[in-house]
């Protein structure tokens with residue numbers, strides 16, 4: 001019994017890092033990316049395309065600073081200009097304060113016309129906004 005329990009515990013620890021990665025999906029529910037527990041952003045082929053660091057820095061795959069996510073939801077580009085923000089209710093606004101979308105509590109991502117453009121279940125709203133609305137990781 002102890003060996004079986006120990007085996008289960010070891011398996012859970014081995015798989016734990018994988019369980020924190022969250023898929024980003026388009027409106028057809030196809031995986032278009034993933035955000036790992038450490039903030040690493042991957043494309044649908046699982047290649048690293050950037051990272052959202054714990055200090056708020058947004059970096060591309062070459063580790064160059066391309067933006068910043070502030071604790072209040074403000075999103076800045078690499079020139080430190082405010083390009084948007086995510087409000088606590090999930091509303092996403094651009095730098096002109098116009099609503100460009102929202103991220104519902106269930107992870108549904110909607111554009112400014114309220115149409116579903118994707119899903120980010122379990123992903124921080126700010127991270128989902130950086131991916132879906134502000135195109136930091138497009139090449």
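The values are calculated or read from the model by the stated rules, or taken from the named source; none is laboratory data. Predicted model only: the values in this text are computed from it and were never measured. Glycine also receives a Cβ, built like all others from the backbone with ideal geometry; neighbour counts cover every protein chain displayed.
Taking residue 103 as the residue in question, decide whether it is surrounded by fewer than 17 Cβ atoms within 10 Å (Cβ to Cβ), closer than 23 Å to residue 36 by Cβ and in contact with a helix residue (DSSP H, G or I) (Cβ under 8 Å, 6 or more places away or on another chain).
Details: surrounded by fewer than 17 Cβ atoms within 10 Å (Cβ to Cβ): no; closer than 23 Å to residue 36 by Cβ: yes; in contact with a helix residue (DSSP H, G or I) (Cβ under 8 Å, 6 or more places away or on another chain): yes.
For residue 103, the condition - surrounded by fewer than 17 Cβ atoms within 10 Å (Cβ to Cβ), closer than 23 Å to residue 36 by Cβ and in contact with a helix residue (DSSP H, G or I) (Cβ under 8 Å, 6 or more places away or on another chain) - is not met.
Give the residue, chosen from 58, 49, 75, 83, that is modelled with pLDDT of 95 or more, over 14 Å from the mean Cα position of the chain (by Cα) and assigned to a strand (DSSP E or B). Outline the logic, then answer.
Working: 58 fails: over 14 Å from the mean Cα position of the chain (by Cα); 49 fails: over 14 Å from the mean Cα position of the chain (by Cα); 75 fails: over 14 Å from the mean Cα position of the chain (by Cα).
Going through 58, 49, 75, 83 in turn, just one is modelled with pLDDT of 95 or more, over 14 Å from the mean Cα position of the chain (by Cα) and assigned to a strand (DSSP E or B): 83.
Looking only at region 30-82, count every residue that is in contact with a helix residue (DSSP H, G or I) (Cβ under 6 Å, 6 or more places away or on another chain) and either exposed (fewer than 12 other Cβ atoms within 10 Å of the Cβ) or farther than 16 Å from residue 120 by Cβ (or both) and tell me the total.
0
Filter region 86-113 down to the residues that are in a loop (DSSP other than H, G, I, E, B) and in contact (Cβ under 8 Å) with a residue 24 or more places away in the chain and list them by number. Break it down into steps so the answer makes sense when it comes.
Taking region 86-113 as the starting set, the residues that turn out to be in a loop (DSSP other than H, G, I, E, B) are 87-90, 95-98, 104-107, 112-113.
Hit for region 86-113 is 90, nothing else.
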